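Single-structure report; data block below.
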Amino acid sequence: MRFYDLIFLALSTLIRYPLRTIMLLVATSIGVMAVILLTAVGEGARDYITGEFRDMGTNLIIVIPGKNETSGGGSPVDLAGVTPRDLTIEDAISLRKIDGVKNIAPIVIGETSAQFNGLERNVPIIGSTQSFLSVRKWEMETGMFLPGSTLERSPPVCVIGKEVEKELFGASNAIGQWLRLGDRRCRVTGIIGTEGRAVGIDVQKLVVIPVSLATALFNRPSLFRIAVEAENRLVSDQIIKDMKKILKKRHRGKEDFTVIRQDAVMASFDNIFNVLTMALGSIASISLFVAGILIMNVMLVAVSQRQSEIGLLKAIGAKNKQINQLFITEAILLSGSGAILGLILGHSITQVLKISFPTFNFLPPLWASYVSLIVALMSGVIFGLLPARRASKLDPVIALSGNK
Amino acid sequence: MIRIENLSRQFEVGNQIVRALDDIDLEITKGEYISIMGVSGSGKSTLLNILGLLDTPTKGDYILSGINTSEMNDDEMAHIRSTKIGFVFQSFHLIPRLTAAENIEMPMVLAGIKPKDRQEKVEIALSHVSLNDRADHKPEQLSGGQRQRVAIARSIVMEPDVLLADEPTGNLDSTSGIEIVRLIEDLNKAGLTLILVTHDRKMGNRSDRLIRLLDGKIIKDDTK
């Protein structure tokens with residue numbers, strides 16, 4: 001039998017039973033669509049998270065107090081159960097002398113009440129330096145960020161997010177006004193224009209103050225972390241070595257801190273989300289196998305219904321292999337057409353989602369289209385085999401009589 | 001052309017063995033017109049199925065055009081069915097989703113013949129059964145007699161050596177039945193071996209040779 005005859009015969013059967021064909025097409029297309037949509041969500045999440053990190057700069061090195069490691073009973077300090085030293089402003093200052101360091105931003109985090117003109121609300125506080133603006137790649141809406149003063153001492157100033165401005169200052173101009181933070185006062189010098197989140201906090205709800213003011217405000221000398229921006233990625237490794245050397249020396253020979261590279265974190269997240277996307281795609285692929293089982297069931301019924309036709313085909317010279325091919329072609333056409341329909345639907349819906357949620361980039365990966373198409377076709381072949389085999393093995397005499 | 005020697009066909013029904021054909025011998029020469037008659041269960045359909053290679057004997061030999069079919073596998077038998085045997089059934093067995101022309105074309109499709117060659121043969125077959133104007137009609141758009149004529153056209157399109165007709169007029173009114181009988185008799189006159197299974201005595205008497213079966217045995221074999 002020629003290929004185009006095979007396709008024509010299979011197509012004519014599918015057209016002859018439109019309801020059955022449509023149901024099977026829908027089942028397969030839903031499976032493929034699920035793969036496309038779920039992987040688009042996974043990929044979108046990956047893009048969003050890595051984008052957030054990218055915004056913070058890929059040349060960023062972060063020092064965090066403490067270190068997760070197993071220690072032995074060698075050192076008397078360990079035996080005494082001494083807790084690691086905190087990171088301090090002095091630690092941050094000591095890192096300034098390292099070659100290749102562009103900016104250093106010590107970070108203190110806390111929460112306190114902010115008051116202005118009788119209005120009060122709790123606000124998250126970030127204590128840092130002028131460098132924080134460039135490290136975080138923020139932009140100012142109006143006014144100025146923190147002044148470039150020394151780390152140890154700074155004037156009592158602050159910059160606030162737009163929501164803080166709106167809630168506490170209303171229509172009046174916030175810049176130049178004195179804002180009370182806990183038991184301290186600071187003069188507002190600027191409004192942050194950037195939207196999004198910084199260290200898990202909504203930037204628009206934030207108040208940023210000099211680091212020395214923050215340590216005084218929270219009565220806590222320890223830093224949340226130190227962000228160091230390298231001049232370029234090439235010097236990052238050397239900077240990390242120097243940082244470890246300096247901080248270890250300052251911490252009495254103990255490496256009780258963790259240094260992480262922003263790009264390494266980003267790569268880790270990238271990997272995690274890639275695995276997550278693949279896992280989502282795999283879960284959705286199960287629905288393709290369910291669709292395959294549906295195709296198998298429907299085709300098994302079709303074999304019973306079309307016994308007489310199978311008997312006739314055998315009587316007029318069809319070989320078992322040809323009957324087999326005919327049924328498998330029908331299964332492949334069904335699963336293939338369903339997959340293409342699913343791809344069209346899946347990609348169309350992701351486009352609609354992109355327009356509806358512009359901040360989240362729904363991005364179905366290219367592999368998802370290929371894999372879902374291949375899985376759908378494989379499922380068609382695998383689940384078409386049993387009905388095809390049953391049809392080809394039918395006894396022509398019994399088939400012609402229409403008896404089971 | 002056809003030689004059957006000591007042929008038996010048994011079926012197991014529960015614990016019982018039913019002898020549908022019991023040690024029969026038969027020889028049919030090219031161009032013969034034979035009717036096989038008998039009561040229901042006498043073995044005539046089983047004999048026709050074996051002659052058409054749709055079924056295989058339990059014992060004995062069936063030699064068709066010098067080839068012993070007992071040693072053939074499924075594919076070889078399918079090839080013989082495709083090239084040497086034509087079937088006409090009581091219930092027409094047309095594929096409902098295909099047109100008359102496409103139904104007639106089907107044996108050639110299975111044989112892998114090129115579309116251009118098929119087209120020509122379909123037209124010839126259609127003209128044999130005087131249905132050129134119904135080529136594009138689906139079976140549901142045709143009368144019973146027309147459907148059977150399409151089935152006859154399909155059975156001769158591969159130019160077989162033998163035509164096996166199983167109650168070809170069983171589902172037709174008398175006028176259509178006569179037309180169909182005349183049509184297949186014309187094919188026989190043109191040289192085609194015709195083996196007809198029928199209950200109809202009148203139709204059986206039209207043939208050159210009448211074989212009667214009872215309980216799987218040939219009880220009468222008369223030649224005019």
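Considering only residues that are in a loop (DSSP other than H, G, I, E, B) and not aliphatic (A, V, I, L, M), look in the stretch B:101-135 and name the one that is nearest to the other protein chains (Cβ to nearest Cβ).
Residue satisfying both the conditions and the ranking: B:Gly112.
Every residue in the stretch A:6-29 that is buried (at least 20 other Cβ atoms within 10 Å of the Cβ) and away from chain B (no Cβ under 14 Å), please.
A:Leu24, A:Leu25, A:Ala27, A:Thr28, A:Ser29
With A:Phe357, A:Phe362 as the choices, which residue is of a type in the set (A, V, I, L, M, F, W, C), touching a Lys or Arg at 6+ places or on another chain (Cβ under 7 Å) and either over 30 Å from B:Leu110 (Cα atoms) or in the same structural domain as A:Glu195 (by TED's automatic domain parsing) (or both)?
A:Phe362
Would you check if A:Leu300 is within 14 Å of chain B (Cβ to nearest Cβ), modelled with pLDDT of 85 or more, assigned to a helix (DSSP H, G or I) and touching a helix residue (DSSP H, G or I) at 6+ places or on another chain (Cβ under 9 Å)?
no
For the stretch A:334-341, state whether one or more residues are assigned to a loop (DSSP other than H, G, I, E, B) and crowded, with 20+ Cβ neighbours inside 10 Å.
Looking through the stretch A:334-341, none of the residues is assigned to a loop (DSSP other than H, G, I, E, B) and crowded, with 20+ Cβ neighbours inside 10 Å.
How many of the residues in the stretch B:68-100 are part of a helix (DSSP H, G or I) and either within 10 Å of chain A (Cβ to nearest Cβ) or under 20 Å from the mean Cα position of the chain (by Cα) (or both)?
Count: 14.
How many of the residues in the stretch A:368-396 are within 14 Å of another protein chain (Cβ to nearest Cβ) and either assigned to a loop (DSSP other than H, G, I, E, B) or surrounded by fewer than 19 Cβ atoms within 10 Å (Cβ to Cβ) (or both)?
4
Return yes when B:Ala151 is at the interface with another protein chain (Cβ under 10 Å from one of its Cβ atoms) and hydrophobic (A, V, I, L, M, F, W, C) and no when it is not.
The answer is yes for B:Ala151.
If you go through the stretch B:1-28, how many residues are outside any strand (DSSP E or B) and touching a strand residue (DSSP E or B) at 6+ places or on another chain (Cβ under 8 Å)?
1
When you scan the stretch A:34-44, do you find a residue that is over 23 Å from A:Ile323 (Cα atoms), at pLDDT 85 or above and touching a strand residue (DSSP E or B) at 6+ places or on another chain (Cβ under 6 Å), even just one?
no
Does any residue of the stretch A:335-357 turn out to be more than 30 Å from the chain's Cα centre (by Cα) and either within 14 Å of chain B (Cβ to nearest Cβ) or modelled with pLDDT under 90 (or both)?
no
Checking the conditions here, which among A:Met243, A:Met278 is in a helix (DSSP H, G or I) and either within 24 Å of the chain's Cα centre (by Cα) or at positive phi (or both)?
Testing whether each residue is in a helix (DSSP H, G or I) and either within 24 Å of the chain's Cα centre (by Cα) or at positive phi (or both) leaves just A:Met278.
I'd like the residue in the stretch B:1-54 that is exposed (fewer than 14 other Cβ atoms within 10 Å of the Cβ) and small (Gly, Ala, Ser) and, out of all such residues, is modelled with the lowest pLDDT.
B:Gly14
Mind checking which residues of the stretch A:45-77 are among the acidic types (Asp, Glu) and at pLDDT 75 or above?
Matches in the stretch A:45-77: A:Asp47 only.
Can we say A:Ala315 is in contact with a strand residue (DSSP E or B) (Cβ under 7 Å, 6 or more places away or on another chain) and more than 30 Å from A:Glu52 (Cβ to Cβ)?
Yes.
The values are calculated or read from the model by the stated rules, or taken from the named source; none is laboratory data. Just so you know, these numbers come straight off a predicted model, no measurement behind them. Note: ideal-geometry Cβ built from the backbone for every residue, glycine included; neighbour counts use all protein chains shown.
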